[in-house]
Amino acid sequence: ILSESFSDPSRIDTVKLNKDVIPNIRSIKNNTTIGLMQSDGYGGGTANMEFQTLFGLPYYNMSQSVAVLHTEVFPKLIQKPSISNNFNEKDRIAIHFNDPRNYSRNVVYKDLKFNKFIHYGNKGNKGYNVGGNYSDDSTYHLIEENLNKNSQFFSVITMQNHTPWTELNPIDMSASYPGFSDGQNKSLSSYVRMLSQTDTATQSFLESLSKIDKKITVVFYGDHLPGLYPESAFKNNPESQ
């Protein structure tokens, strides 16, 4: 599960939060294998992070002229060493509620012989929005609806925490950054509220999976920071960007 723009705002210098935004995920992290991941982009680059997760081919090993791995590297691969190859073709499912043509994902998933690609163009999918995008909770429910007794592989990309950041709930949660305008702090507050909803939904999702009589491994990661913060936020710790 690639969690769109998921990151811990408390790790950004001088960001002020009125409460912990991700208490459930923080608790989960205390009882499982965790780590900090280096992203190749700030405020973007989701497709490249997805590519590296599927293929294990680091972006930094590519030519510096390469911008998008999906469209510039994937078509030239003679062998496509995707982790999905360890599963039967009929049991490979991709879920991403965006335009299936973005970064040629429809081509990539088809070439990797995914049996099903669930996107926002599919008819009959039900869900609700958070901050203008398809909610994480709805995406998690789609995973559950497509689970069966077979050994399956799901490649999932959420959309909830992508721009725009316009969420009002939970109303009692807020964040601020020194020097931000009211409008910028409003966006930052909306972003942390959306993270809070991710936190709650993820906890509920994992609890639901734990009740299923099947061994399930969940790899959950954020792909990059949101493009909300100024360069000054990373002055003392450039790698935190």
From (1) within 20 Å of SER5 (Cα to Cα); (2) out of contact with any strand residue (DSSP E or B) (no Cβ under 9 Å at 6 or more places or on another chain); (3) in a loop (DSSP other than H, G, I, E, B), pick out the condition that doesn't hold for MET37.
(2)
Out of the residues in region 25-51 that are among the polar types (S, T, N, Q) and surrounded by fewer than 18 Cβ atoms within 10 Å (Cβ to Cβ), which is modelled with the lowest pLDDT?
GLN38
State which residue pairs qualify: first residue touching a residue at least 24 places away in the same chain (Cβ under 8 Å) and inside region 71-93, second residue surrounded by fewer than 17 Cβ atoms within 10 Å (Cβ to Cβ) and of a type in the set (D, E, K, R) in any location, beta carbons under 6 Å apart, and separation of 6 or more residues or different chains.
GLU89/LYS113; ILE93/LYS116
Failed condition for PHE114, given (1) open to solvent by 70 Å² or more (accessible area, probe 1.4 Å); (2) modelled with pLDDT of 90 or more, with all others met?
(1)
Quick one: in region 83-111, which of the residues that are of a type in the set (Gly, Ala, Ser) and not in a strand (DSSP E or B) is surrounded by the most Cβ atoms within 10 Å (Cβ to Cβ)?
SER84
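Against the definition (in contact with a helix residue (DSSP H, G or I) (Cβ under 6 Å, 6 or more places away or on another chain), open to solvent by 40 Å² or more (accessible area, probe 1.4 Å) and not in a strand (DSSP E or B)), how does LYS80 come out, yes or no? Even if it seems obvious, please write down each step before you answer.
On the way: in contact with a helix residue (DSSP H, G or I) (Cβ under 6 Å, 6 or more places away or on another chain): no; open to solvent by 40 Å² or more (accessible area, probe 1.4 Å): yes; not in a strand (DSSP E or B): yes.
Against the criterion (in contact with a helix residue (DSSP H, G or I) (Cβ under 6 Å, 6 or more places away or on another chain), open to solvent by 40 Å² or more (accessible area, probe 1.4 Å) and not in a strand (DSSP E or B)), LYS80 does not qualify.
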Determine, yes or no, whether SER190 is modelled with pLDDT of 95 or more and either more than 23 Å from ASP137 (Cα to Cα) or in contact with a Pro (Cβ under 7 Å, 6 or more places away or on another chain) (or both).
no
Being open to solvent by 30 Å² or more (accessible area, probe 1.4 Å), in a helix (DSSP H, G or I) and not small (Gly, Ala, Ser) is the filter here, so list the residues in region 125-184 that pass it.
ASP137, HIS141, GLU144, GLU145, ASP182, GLN184
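Suppose we filter SER138, SER82 for residues that are over 17 Å from the mean Cα position of the chain (by Cα) and of a type outside the set (A, V, I, L, M); which single one remains?
Numbers: SER138 fails: over 17 Å from the mean Cα position of the chain (by Cα).
The match here is SER82.
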Note on SER208: of the conditions (1) open to solvent by less than 50 Å² (accessible area, probe 1.4 Å); (2) over 26 Å from ASN86 (Cβ atoms); (3) outside any loop (DSSP other than H, G, I, E, B); (4) at pLDDT 95 or above, unmet is (2)
Run GLY43 past the list (1) of a type outside the set (Val, Ile, Thr); (2) outside any loop (DSSP other than H, G, I, E, B); (3) over 19 Å from ILE1 (Cβ atoms); (4) under 17 Å from the mean Cα position of the chain (by Cα) and report the number of the one that doesn't hold.
(2)
Over region 7-24, the set of residues in contact with a Ser or Thr (Cβ under 7 Å, 6 or more places away or on another chain), open to solvent by 30 Å² or more (accessible area, probe 1.4 Å) and either free of Cβ contacts under 8 Å to residues at least 12 places away in the same chain or outside any strand (DSSP E or B) (or both) is ARG11, ASN18, ASN24
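The values are calculated or read from the model by the stated rules, or taken from the named source; none is laboratory data. Treat the numbers as computed from the prediction; the structure is a model and nothing was measured. Every residue, glycine among them, receives a Cβ derived from its backbone with ideal geometry; neighbour counts consider all protein chains shown. All accessible areas refer to the heavy atoms of the entire protein, side chains included, with ligands and DNA or RNA removed. Shrake-Rupley method; radii C 1.70, N 1.55, O 1.52, S 1.80 Å.
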